[in-house]
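Visitor: I'd like to ask some things about the structure below.
The values are calculated or read from the model by the stated rules, or taken from the named source; none is laboratory data. Being a predicted model, the structure only gives us computed values, none of them experimental. When we count neighbours, we look across all protein chains shown, and the Cβ atoms used for this are built from the backbone with ideal geometry, even at glycine.
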Amino acid sequence: MLEIAAERLVNREVAEHFHSIIRPTKPIPEETIAIHGITYDMAMNEGRDLKEVLGDFLSFIADSVLVGHNVEFDLGFVRFYASKQGFPVPTNQTLDTCEIARRHLILPSYSLERVAQYFGVVNKRAHRAQTDVEVTRRVFLKLLDRALASKKSA
């Protein structure tokens, strides 16, 4: 885990955000750098220790409902490292934008990039935590609007 981000929404608006790069304990593979663009030097200079970041993140999410694209995948890493660092494993309720999109849209792929593209949402820095969170929020709100509109017309 190299980076983590989240937003707290209140009335569909971002009330707070959380973002941190995590200081690595070993070299970052070139394949990972190619995907995220986070280099070892960048992570060492800008990052914080995993235990500190996880403690802050777990406090940030507290009892919140967590919305994400394939949210259980990312949450699996959080749960694993929380347990490994001696924190309580989060048991937050989740909403998965990928699952919601599969139920309400017909697309050739349900990747975050493809669902975002369907709604005209651009992700200029895919696979970076903060921008993926922002795109997921925008996709979630579009899916929510779509569901509410179909409920009104039913």
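Visitor: Quick one: what pairs do we get from the range 53-64, first residue on the phi > 0 side of the Ramachandran plot, second surrounded by fewer than 17 Cβ atoms within 10 Å (Cβ to Cβ) and assigned to a loop (DSSP other than H, G, I, E, B), C-beta under 9 Å, 6+ apart or different chains?
Guide: As it stands, the answer is Ala62/Asn92, since those pairs meet every condition given.
Visitor: Follow-up. Consider the range 1-32. How many of its residues are farther than 19 Å from Phe87 by Cβ and touching a Phe, Trp or Tyr at 6+ places or on another chain (Cβ under 8 Å)?
Guide: Going through the range 1-32 one residue at a time, the tally reaches 6.
Visitor: Tell me the helices (runs of 4 or more DSSP H) entirely within the range 1-115 that contain at least 3 residues that are crowded, with 17+ Cβ neighbours inside 10 Å and among the hydrophobic types (A, V, I, L, M, F, W, C).
Guide: Output list reads 50-61, 71-84, 97-104.
Visitor: Related question: Does His69 satisfy the criteria of being of a type outside the set (Phe, Trp, Tyr) and in contact with a His (Cβ under 8 Å, 6 or more places away or on another chain)?
Guide: When the stated conditions are applied, His69 does not pass them.
Visitor: If you go through the range 123-135, how many residues are surrounded by fewer than 16 Cβ atoms within 10 Å (Cβ to Cβ) and either basic (Lys, Arg) or more than 16 Å from the chain's Cα centre (by Cα) (or both)?
Guide: So the count comes out to 2.
Visitor: So the check is Cβ under 6 Å with 6+ separation or different chains; which pairs have a first residue in the range 139-154 that's at pLDDT 80 or above and a second one that's assigned to a helix (DSSP H, G or I) and of a type in the set (Val, Ile, Thr)?
Guide: Close Cβ pairs (under 6 Å, with a partner that is assigned to a helix (DSSP H, G or I) and of a type in the set (Val, Ile, Thr)) amount to Val139/Thr97; Val139/Val115; Phe140/Thr97; Leu143/Ile100.
Visitor: For the range 103-124, indicate whether the set of residues that are of a type in the set (Phe, Trp, Tyr) and closer than 25 Å to Ile38 by Cα is non-empty.
Guide: Looking for residues that are of a type in the set (Phe, Trp, Tyr) and closer than 25 Å to Ile38 by Cα, one finds none in the range 103-124, hence no.
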